[in-house]
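One structure is given below, encoded as structure tokens.
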Amino acid sequence: DTGVSQNPRHKITKRGQNVTFRCDPISEHNRLYWYRQTLGQGPEFLTYFQNEAQLEKSRLLSDRFSAERPKGSFSTLEIQRTEQGDSAMYLCASSRTGPHEQYFGPGTRLTVT
Amino acid sequence: AQKVTQAQTEISVVEKEDVTLDCVYETRDTTYYLFWYKQPPSGELVFLIRRNSFDEQNEISGRYSWNFQKSTSSFNFTITASQVVDSAVYFCALSEFNPGANSKLTFGKGITLSVRP
């Protein structure tokens with residue numbers, strides 16, 4: 001049973017550029033979550049999918065952020081016109097439907113210069 | 001709104017000492033789940049335990065034990081005979097119980113545990 005994978009692991013970009021991250025969940029998991037973690041803080045919820053449907057977005061997710069999960073498999077998180085405040089670790093997690101434990105990927109660390 | 005407070009920010013112990021990590025939570029829900037995750041230096045969050053609010057029995061798993069007290073809204077985590085490999089950031093988290101709802105996790109700020117040889 002492979003775990004959650006995320007690519008890339010690290011991304012350095014210049015302010016104003018667009019970036020896209022990918023998450024591959026555990027194959028039998030219907031739910032997929034995106035979180036953001038900044039230094040010294042716990043992860044904060046951004047958005048989640050039940051299969052291919054995006055069911056909730058946090059107020060943290062500005063209009064520059066968009067997420068997709070085509071066909072209910074992998075997911076992508078895109079940030080347009082990146083800002084320095086977007087620098088963080090972006091974590092993906094997956095779980096079975098319901099309040100089950102979530103399994104996290106290794107994260108993508110974004111640095112905006 | 002849900003909130004998790006981990007008042008301890010950093011704890012340093014010598015190997016083989018016991019250490020307790022505190023977690024206090026706030027929720028308006030009558031049923032909910034509580035979790036502990038470990039984040040080692042490699043960065044990947046590792047699931048440790050999930051408890052539902054119906055079950056206040058303490059749980060032990062090897063050197064790990066958890067004390068859930070609904071009356072004080074606390075879910076504390078004890079590591080017995082700590083080892084250097086226990087060095088990590090530990091997060092307590094809370095989620096709704098409703099299976100149809102968003103089961104997003106609300107995390108505390110984490111406790112950095114350093115175990116010295």
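Does A:Phe49 fit the bill of being out of contact with any Cys (no Cβ under 6 Å at 6 or more places or on another chain), within 14 Å of another protein chain (Cβ to nearest Cβ) and within 28 Å of B:Thr112 (Cα to Cα)?
Numbers: out of contact with any Cys (no Cβ under 6 Å at 6 or more places or on another chain): yes; within 14 Å of another protein chain (Cβ to nearest Cβ): yes; within 28 Å of B:Thr112 (Cα to Cα): no.
Spelling it out, it is not the case that A:Phe49 is out of contact with any Cys (no Cβ under 6 Å at 6 or more places or on another chain), within 14 Å of another protein chain (Cβ to nearest Cβ) and within 28 Å of B:Thr112 (Cα to Cα).
Within the stretch B:66-86, can you find the residues that are open to solvent by 30 Å² or more (accessible area, probe 1.4 Å), of a type in the set (Gly, Ala, Ser) and within 22 Å of B:Val19 (Cβ to Cβ)? Walk me through how you get there before you give the answer.
Our first condition is that a residue be open to solvent by 30 Å² or more (accessible area, probe 1.4 Å); within the stretch B:66-86, this holds for B:67, B:69-73, B:76, B:78, B:80-81, B:83-85.
Next, only the ones that are of a type in the set (Gly, Ala, Ser) stay: B:71, B:73, B:81.
Result: B:Ser73, B:Ala81.
Tally the residues that are closer than 19 Å to B:Lys38 by Cα and either surrounded by 15 or more Cβ atoms within 10 Å (Cβ to Cβ) or without any contact (Cβ under 8 Å) to a residue 24 or more places away in the chain (or both), restricting the search to the stretch A:27-38. Give the derivation first.
First pass over the stretch A:27-38, keeping only residues closer than 19 Å to B:Lys38 by Cα: A:33-38.
In the following step, the residues that additionally are either surrounded by 15 or more Cβ atoms within 10 Å (Cβ to Cβ) or without any contact (Cβ under 8 Å) to a residue 24 or more places away in the chain (or both) were identified as A:33-37.
Summing the residues that are closer than 19 Å to B:Lys38 by Cα and either surrounded by 15 or more Cβ atoms within 10 Å (Cβ to Cβ) or without any contact (Cβ under 8 Å) to a residue 24 or more places away in the chain (or both) in the stretch A:27-38 gives 5.
Failed condition for A:Leu91, given (1) in contact with a Pro (Cβ under 6 Å, 6 or more places away or on another chain); (2) without any contact (Cβ under 8 Å) to a residue 40 or more places away in the chain, with all others met?
(2)
Does the stretch B:95-109 hold any residues that are open to solvent by less than 20 Å² (accessible area, probe 1.4 Å) and over 14 Å from B:Tyr25 (Cβ atoms), and which are they?
Within the stretch B:95-109, B:Ala101, B:Asn102, B:Ser103 meet the criteria.
When only residues in the stretch A:40-73 that are in contact (Cβ under 8 Å) with a residue 24 or more places away in the chain and in a loop (DSSP other than H, G, I, E, B) count, which is most open to solvent (accessible area, probe 1.4 Å)?
Only one residue fits best here, namely A:Leu60.
Output yes when any residue across the stretch B:21-32 is of a type in the set (A, V, I, L, M, F, W, C), open to solvent by less than 70 Å² (accessible area, probe 1.4 Å) and not in a strand (DSSP E or B), and no when none is.
The answer is yes; a qualifying residue exists.
I need a count of the residues in the stretch B:1-32 that are within 12 Å of chain A (Cβ to nearest Cβ) and either among the charged types (D, E, K, R) or in contact with a Lys or Arg (Cβ under 6 Å, 6 or more places away or on another chain) (or both).
4
Select from the stretch A:74-101 the residues that are open to solvent by 20 Å² or more (accessible area, probe 1.4 Å), within 12 Å of A:Val19 (Cβ to Cβ) and more than 11 Å from the chain's Cα centre (by Cα) and list them in ascending order.
Residues satisfying the conditions are A:Gln80, A:Arg81, A:Glu83, A:Ser87.
Could you count how many residues in the stretch B:33-60 are more than 13 Å from chain A (Cβ to nearest Cβ) and open to solvent by 70 Å² or more (accessible area, probe 1.4 Å)? Break it down stepwise before answering.
First, pick out the residues of the stretch B:33-60 that are more than 13 Å from chain A (Cβ to nearest Cβ): B:55-60.
Those still in the list that are open to solvent by 70 Å² or more (accessible area, probe 1.4 Å) too: B:56-60.
Number satisfying all stated conditions: 5.
The values are calculated or read from the model by the stated rules, or taken from the named source; none is laboratory data. All values reported here derive from a predicted model rather than from experimental measurement. Counting neighbours? That spans all protein chains shown, and the Cβs are built from the backbone with ideal geometry, glycine included. Keep in mind that these areas ignore ligands, DNA and RNA; they rest on the heavy atoms of the full protein, side chains included. Shrake-Rupley method; radii C 1.70, N 1.55, O 1.52, S 1.80 Å.
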